[in-house]
């Protein structure tokens, strides 16, 4: 099964405001490895070549924090979505 | 609002245990939870050991919302082209002092939350704690949605990332060396099929761990737990190794599921949820950082989890830490002294209990288990070795010892193997 299909099974209450902010200057100047593109279990990060920017689709975030821990240059500032928003596990 | 005695940040098993016992002792308790309901942000592999908690919190353990009692333990070592498995059943697994159960957090945590309410505490969901209220070094409450809530003491049960406790000098979030990413699927399957397929009776379950080529050299492994009417299947991957590799977690999970050994067990099942969570692993925080003026840190936020190879624990330690924190808070409120030195009784109780003793005893094992060869070279050799012993091919069969020596010769060599064994000598 494709990852998008799996995420479609989860319950999300999406906040229009993203809880993940990326500092593109840090990505461009300090980060060679771009771990975020690979380690996210929901594969929400992608690289936009034209703008030379990392983008994240916060709506499918499983709130594990892997990107926050893996991103050592500190380009990702990450908070939990506000109360009652984000993924809502029905089984856990 | 009148000042509360205790605010607990996070309705997981540690926070709710703390809240329950504090409320029962008559303290004014408020639990704040950012999810829709208690449990909706929580995810665990799915197994709770009750044995260590017996004698501490028997009353709370009565009527817990559990899935199946684990009566069968399985461990599979996986090579690239085969696997070798161990299956252990003992009558005593079912006895109260040893019993363990599979759990699903949504139901476990919402039940605990009801228990807190019955004991007189308040659990308020959909409330994210944004920051701590401080007066100098002292924590005097929390801030949520622009509202300030003051309390005599705050218990931080906020989970592995420690976004609030880092304000207090706790080393958080964990480094990639101290954390694993876990992925999990919940797959629905009728209970009769679970029972016949896994060879267990009604209400009984299996805990199956997998180690070896499925993680492609990343420290970690796979797990499969049987719930009442579903399976919990997943992978745990040490982040440090995952970063060094070129692997993607979801792809690893898919190749694990495609293995013949696994695919057959999942047949006819329906995926109903996919989740991910981090696990503190080989993470040791300075104990004195877990207590300060007006606060205590418990559960995953305090790094209380332990991978012992054959067993993976976290929730039992979390609940025990919540229990000890509640005791420290109750004692402190008798003298109305919530300073760090008064709350430090929490640390004494932890040190005197299985929590610190097990964490210390098995720390060397966690170090050995961080070595990559445990996850690629050794499983491959082990599977080839056993495969070689069982096979009968054309011509005369090779002697057993010769087969063993040949298999071992393909590994990293005897000196390395002996050193790994030596490092485990005090376990």
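Laboratory data are not the source of any read-out in this text; all were calculated from the coordinates shown. These figures come from a predicted structure and were not determined experimentally. Glycine also receives a Cβ, built like all others from the backbone with ideal geometry; neighbour counts cover every protein chain displayed.
At-a-glance table
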| read-out | value |
| --- | --- |
| Using distinct alpha-carbon pairs, which all enter the 1/r mean, Kirkwood radius of chain B in Å | 22.7 Å |
| Taking the C-alpha atoms of region B:259-402, convex hull volume expressed per residue in Å³ | 169 Å³ |
| Length released on extending from residue A:12 to residue A:77, taking residue separation times 0.36 nm less the Cα-Cα span | 21.3 nm |
| The protein assembly as shown: calculated mean residue ellipticity at 222 nm from DSSP helix runs of at least 4, using -39500 (n - 2.57) | -8500 deg cm²/dmol |
| Order by protection proxy (mean Cβ within 10 Å, highest first), peptides B:10-23, B:96-109 | B:10-23, B:96-109 |
| Square roots of 5 times each gyration tensor eigenvalue, C-alpha, region B:202-266, largest first, Å | 24, 12, 9 |
| Cα pair count fraction exceeding 23 Å, expressed as % - chain A | 24 percent |
| D (Stokes-Einstein, µm²/s), Kirkwood Cα radius, region B:1-108, 1.306 mPa s at 10 °C | 96 µm²/s |
| Computed E for residue A:29/residue B:89 - FRET, C-beta separation, R0 60 angstrom, nearest 0.05 | 0.55 |
| Cα long-axis angle, helix B:377-390 against chain B (0 to 90 degrees, to the nearest 10) | 40 degrees |
| Ascending count of other beta-carbon atoms within 10 Å, so fewest first, for B:70, B:298 | B:70, B:298 |
| Alpha-carbon centroid distance for the pair region A:1-59 / region B:29-62, whole angstrom | 31 Å |
| Once the Cα gyration tensor of region B:264-345 is diagonalised, semi-axes √(5λ) in Å | 36, 14, 11 |
| Cα Rg, Dmax, the protein assembly as shown, angstrom units | 23.3, 86 |
| Along each principal axis, Cα extent of region B:194-342, largest first, Å | 61, 43, 26 |
| Contact order normalised by residue count of chain B, Cα under 8 Å, 6+ apart, percent | 20 percent |
| Taking B:68, A:90 and counting other C-beta atoms within 10 Å, the order from fewest to most | A:90, B:68 |
| Relative contact order of region A:30-92, pairs being alpha-carbon contacts under 8 Å that are 6 or more residues apart, as % | 30 percent |
| Isotropically averaged projected area of region B:128-268, using the convex hull of Cα atoms (one quarter of hull area), nm² | 12.1 nm² |
| Crossing angle, helix B:249-258 versus chain B [Cα axis fit, 0-90 degrees, rounded to tens] | 50 degrees |
| Mean separation of Cα contacts under 8 Å, 6 or more apart, over the residue count of region B:161-288: relative contact order % | 37 percent |
| Cα-based helix-to-principal-axis angle, B:400-409 vs chain B, degrees rounded to 10 | 60 degrees |
| Exposure proxy order (Cβ contacts within 10 Å, fewest to most) of A:26, B:149 | A:26, B:149 |
